[in-house]
Amino acid sequence: MPEGEAVQDLPLLSGKPSSSIVQPEKRREAVLVESIRSGDEEAFAQLYRMFAPTINAVVLARVPRDEVQDIVQEVFISAFRNIDSLKDANSVGPWLTKIARNRAAEFYRKLKPNDELDEQIARPANRKGEAAEVLRAIRSLSDAYAETLIMRLVEGMTAKEISERTGLKPESVRVNLHRGMEKLRESLGLNSRK
Amino acid sequence: MNGDYLINKEGNDFEVEQLESLLSEFRIDPVPPSMSRIGYQEQRSTFRRFKMSFALGLVSICVVLLAAGYLFMNVSINRDARERATLSLTPAPVLDNTADAELPDIRKDVVEQSKSQFRHEHHVRKLASSRIKRSRPVGRETAGSRQKLTPEERYAYQQVKLALFIASTKIKIVQNTIDRVDEVNNRSSKSNR
């Protein structure tokens, strides 16, 4: 290949603007955000289906189960109302998880001191009780481990999906999953099968 | 533990699968919220945003209305007071025919008599009116109580006033006569000297 042709193939050296290099790749959620901004209801529904499991995991890691669904809906309603304040449409996932964390914190701020959380008190010995026990054990871990484990074990997301939705690095997600799983085993008294 | 299954869901891991199956009940059913709910929230938040403005506007309207009402009341009260003062400063009214109609027949002759007497003494009243105006108390009670009087009481009130007018006028005449006599006496004594 002649030298001149090779230079022309490089967009930065040829002087021609190339959207594929100068601008970041437009992800699917960014397209949805733009559609929502222009008033597309279906785009909002798609965005909800895409991110609801992630937001559910973030909220479930912090808040009693009965309150989770309402808070998840509030998160999306808040996002819909403030969608114009989102600067980078590619980072809608981290933005939504941040809203979810804030909403969960707000839930505990509004909670009166005398209010009891039934989920933490009742521990029936059936399968439902076991699930609640495991969830309680996951919640006892740090937020990073708890969120990642719930996304994996409750929502069935892979490490790659978790990374894409939350904006975390894939390595961080893998580490969180492995270490979180080890700590969960310890907490539940299970034998590690290494 | 199968790390691939935990990370990529490849292969098998009984323990993780069991946990997945156990925790699946917490999985969300991704049904997006209805737009009507969002719209409702939107309206509610809009109202909440302008609630303070609405309240302030309402309060200011109330204040303006109260101030206007207060001013109007003040003006009307002052006007009434002026009218009442004017009424109280006018000479005692002559009994009219409507008042006569309300009186019993027995009293009518007395009223007629008083009327003629009243007219007869009119010039005396004119003389005394300036002094009366100064001395008579100006107040709402007089006007108000006059309005509540029955015809008989009103007649009696007029009679008493008339008697007082006549008495004061006669006293004045007497005083003038005494003054004149004194003056004549003084002059005569001076001329004698």
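The values are calculated or read from the model by the stated rules, or taken from the named source; none is laboratory data. Only a predicted model underlies this, so the values are computations on that prediction, with no experimental measurement involved. Neighbour counts run over all protein chains shown; Cβ positions are idealised from the backbone, glycine included.
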Hey, among A:186, A:155, which residue is under 14 Å from residue A:58 (Cα atoms) and either more than 11 Å from chain B (Cβ to nearest Cβ) or not in a helix (DSSP H, G or I) (or both)?
-> A:155
Enumeration of residues in the stretch B:151-193 that are closer than 28 Å to residue B:82 by Cβ and either small (Gly, Ala, Ser) or loosely packed, with under 12 Cβ neighbours inside 10 Å (or both) = B:160, B:168
Restricting the stretch A:17-38 to residues that are farther than 18 Å from residue B:32 by Cβ and not in a helix (DSSP H, G or I), which is modelled with the highest pLDDT?
-> A:27
Residues of the stretch A:151-171 being over 13 Å from the mean Cα position of the chain (by Cα) and either buried (at least 16 other Cβ atoms within 10 Å of the Cβ) or touching a residue at least 40 places away in the same chain (Cβ under 8 Å) (or both), in sequence order, are A:153
Tell me, yes or no, whether the stretch A:126-146 has at least one residue that is more than 10 Å from every other protein chain (Cβ to nearest Cβ), modelled with pLDDT under 95 and more than 26 Å from residue A:173 (Cβ to Cβ).
-> yes
Which residue pairs have Cβ atoms closer than 9 Å, lie 6 or more positions apart in sequence or on different chains, and pair a first residue in the stretch A:39-62 that is more than 9 Å from chain B (Cβ to nearest Cβ) and part of a loop (DSSP other than H, G, I, E, B) with a second residue that is of a type in the set (Asp, Glu) and buried (at least 22 other Cβ atoms within 10 Å of the Cβ)?
-> A:61/A:147; A:62/A:147
